[in-house]
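Accompanying notes for the structure given below.
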Amino acid sequence: MPYSNDSKDKLLPQEDGGDEEAKHDEASFHSKGGASPDGAVGGTFSLTGVSLEEGRKILNENEEEGFDLDDRFIAEIMMSLNNEKIATLRKAFEQNDDDGLSLAEFVHVMTSILDMSHLMTADQFAANLIEFFDQVDINGDGAMEWEEFTSFIVEMGMNEHDHQPDAISSYFFIATKETGNHNAYVQDIRYHKNDTVTMFDCDSKQIRIYNQNLELIHTIHSSSGHVQCCEFLVFPNMYAISTNDLSVNFYDGNNYQVVKKFRTPNQNTTVIRWIESQKLLFTGDTRGSIKAWDCQDMEEKFEMGMRDAYSVVGGVVGRKALGLHRDIILDIIELEGLEVVASASIDRTIKLWDLPTGKLRRTLVGHKKGVRNITYSSEYRFLISVGFDFDVLVWNPYVANLILRLSDHGCSLCGAEIIPDTPILVTADVEGNFKVWDVRNWKLNQTFKAEEKQVGQLKGFCALASTKSVVAVGRSMHVFDYEKIEMPEFSDEFPLCSALYNPTTSTFITCSNKYVKIWDAGDGKIIKVYRNLSDSDITAMCLDFRERKFILGDHDGSLHCYDFLNGADMKEFAYDEMDGRAHLDEITKLLYCDEHATVISTGWDKTISIHSESEAEEGVLLRRIENAHNTDITALCHSHMLSLIATGSADSSLKVWDYEFCRVEANLNEHNSPITCVSFLDPFPALMSCDAGGNVILWAVRPSKVKNRIMARWKNRPANKRAGGKPQAAAITVLTVSCKFAGERRLGKKASFDDAGDGDGDDEEDFVDKNMGSSEEAQRWIERLKKITKNRAKKRGKKDREEVEEFLVYAGDERGNVVVWDLLPTIEGLMKEYGSTPQGMGSLEGPLECGNPRRHIVYDAGAVSANSVSIISTWLAHDDSLTSIQLIDDPPAILTSSTDRLAKLWNMNTTSLGVLRQGGPKRGETWKFGLDTRAIGAKKLEDGGKIMEEVREMEALELDSSDEEDDMSSTLTMMSYDPLAGGGSLAAQREPEVVSYRKTPKRIPVNPATVGRGGRRKRK
């Protein structure tokens, strides 16, 4: 049962203490909505244990910020599926034969077994389930199978923490500093929220204050006894210092003068902690008592665990101690966000107290000796304790039992610190051994040691939040620095290979060396880093048509497909004849053909390969052109509209190939320098090619009657600032085209496969029947082409346009310039000269037919005047050669990457919108990429509402059905909610034999021997 919304007391169980601190009334606790020992918070297995109030607060905050809950939701789904619910879900998959669940069926099942009404509305739940479905159904066939679901869960669990941007780096020793008295040990060191460090020696009346650079800024001399402990009070800006004469002195944080003092009765204070949320000062003493003080009135507010005692007649007769510590208090901390204070004592226990009232909530028992230090991660909700025994103990404040015991130290521990805003836990023992843990998976990442001769016995350490540095003290001070990002002002430490925008996930993706980085488009900050995805340097990258996967080619010729969400290696394009790789040498270029779900690659082995990416387990080689050029292939482009491929090489040769049959359509030999890039100018039958000398040539290609002829040529000569601003030739390295249409008529029948113009792609069947026959294989492609049609319609807009009103080419060169050419006047002039039909130089109404895009072929290929082209704009975008340029439709922007290790965003007026930097924006920089997160969220909610309508229709049909055994969901409709069985459990009365919803055939995996052949798996 989810938490109620009216009581925070239900977050942790109450405990009446006494002599049986370790005992806990679990039945009473469960009835209050607490956590069971197995981690089931309110009947839902979740380590986070978010309450209703917290869930609504998080949801409201994120809605205000336009934040996307997709990743958090997926994690919540994973944690909410206990064994019983997984069994129910698997039964639903199995009852639907082997065809899997459609989106509506999946939402139907999930809404039946999971109750997240305490976190979100039904439409929000459905919207997040749609995202979850799309992530699991990575191949986009519209069906989720049990194997896909379980593989996704396993991959998420294995990869969830391996690709974080804050992956744990190493600590290294940087300096030893003197602490003052060479003969005395430092008794205590502490970091404070005002970015200062305080320390004092044993039996000393002095306390030293250091800044964040560990420079001594002041020494406070106590006028009374020896210093016992110290704390900084944020709101009053004072240092509170306890001494062994039973007094607490307050010093001004600016001039370090005594402001006030008070005496504590009976016992010496051993711990002082300021709780900012309550504006209270908590003290622990040698007797084991903990008191809360009002520092303004200098009055005791309450004592932890003390309650009024009543006589038989009902009058108050005194105070009663309930669950107090029995020995010296050694540490006190606040569990932020829970309104709980934790205390550690030499009596071997940890106690959790209600912060507003001081009532005991729970006693944690597990240490064999005294507990010396405790720390808490509010992000991961783990409580860590160390003491005089040798183990590090990990607790969950919601769970009564110990979660984990880390036994890597060989002697007593002296401290543990969670580095703020990181998943890093540092522990240390008295012999000076430090260990660095990742709290996301409790993996030991590093062990390092303080020099014993210099530091002596380690007395303690602290971590500086601002620098993540660790400062250890004994007789001297040892400083260990945290390995920082080497080049925070750059996008990467290495030259960028490519940068792309993914509108599906509203992220950017960059790659270089062996790393791929995912960036949030909303603020330009790194979200994930996929490390060491390749054994050699990454050389090319592209996205699939659903933008759920990215494909990488590397220096060794390997080609792999990865999950965009978690970086999992999904499939490899490896062939025996290529020595288990896609190419025998470096892959130079990659393109993805959305319409046919194929990958086109070129390499230094002089081959062009066309691979099928539609199969789940492995890539399939469809066609390969061997010896396509005499030297390295350096340029590649593809036109679905023309059904052509163009390639250029280092020997200055330029060739045009038929996409389906891999025949040479043209050898274009007019360049005298290596070809640097090529691009078709869809929808016109034209090709643009550029070489290392800065020459640009515009060619006519099929179906133009003047195909293979030069239509225009010019030279790229931007101003060179290094040469005093003189124009100098520069090689174009990247090209992209922007074409805007006027009118409302679509390009043509074959462009959208839709005669009716309604965007549903119904007329694809005529196209497929005509060109691929009526085989079952062809029918499978009908479904895929329908999805592709809708996907392309999103990119183009609701309707295609008739007349080109603007045609711009964006080019980046080797010196970092971006130039924009207006080619429309040039093309209009050519149309007047050669005709406005596609046989002249007019635009095509639709793509030329490709009869069988899955054709399997291995083919061994063994005087015009200079034209002036209108330049719209030019600017210096980078300091080195551009490696990629992409036009973003919504919001309008230009994304560029360069070998200068930067990826930048520009608006259409060439003004900078932001730079992707590893260390975040520089001071004074602002991120201006106008991503409308609210509109994106509203669209997802709208989609969620639509799918919930389908689910409700399903439920209505189930209720009206006379034969429940023919309906898979009849089992679900008879399942009842049983709170006692654990919120959301399903009690099925019987398990009828059912018939599945869907009739979609199961595909047979395709390999080179069966490619192009129809067939589907027979239904059982």
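The values are calculated or read from the model by the stated rules, or taken from the named source; none is laboratory data. Quantities reported herein were computed from a predicted structural model and do not represent experimental measurements. All Cβ positions, even for glycine, are placed from backbone atoms using ideal geometry, and neighbour counts span all protein chains on display. Heavy atoms of the whole protein, side chains included, go into the accessibility calculation; ligands, DNA and RNA do not. Shrake-Rupley method; radii C 1.70, N 1.55, O 1.52, S 1.80 Å.
Values as computed for the structure displayed
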read-out: Charge context of ALA877, other residues only, Cβ under 15 angstrom, K/R +1, D/E -1; value: -1
read-out: Per-selection Kirkwood Rh - region 641-716 (Cα, Å, 1 d.p.); value: 12.2 Å
read-out: Links that overshoot a 20 Å alpha carbon limit, given the list LYS484/LYS904; LYS549/LYS571; LYS177/LYS459; LYS705/LYS832; value: LYS484/LYS904
read-out: Dipole magnitude of region 537-637, debye to nearest 20 (Cβ charges: Lys/Arg +1, Asp/Glu -1, about Cα centre); value: 340 debye
read-out: Region 462-603 - charge dipole about Cα centre, Lys and Arg +1 at Cβ, Asp and Glu -1, debye rounded to 20; value: 760 debye
read-out: Å² per residue, accessible surface of region 375-447 at 1.4 Å; value: 31 Å²
read-out: Top positive-direction residue, dipole computed over region 552-690 with Cβ charges, set CYS593, CYS561, SER689; value: SER689
read-out: All-pairs alpha carbon distance profile, region 187-281, 5 Å steps from 0, percent; value: 3, 14, 26, 27, 20, 8, 2, 0
read-out: Solvent-accessible surface (1.4 angstrom probe) belonging to LYS85, in square angstrom, nearest 10; value: 10 Å²
read-out: Net charge contributed by nearby residues that have their C-beta within less than 12 Å of SER898 (K/R +1, D/E -1); value: -3
read-out: Student exercise, region 583-655 dipole from Lys, Arg, Asp, Glu Cβ charges, in Debye to nearest 20; value: 360 debye
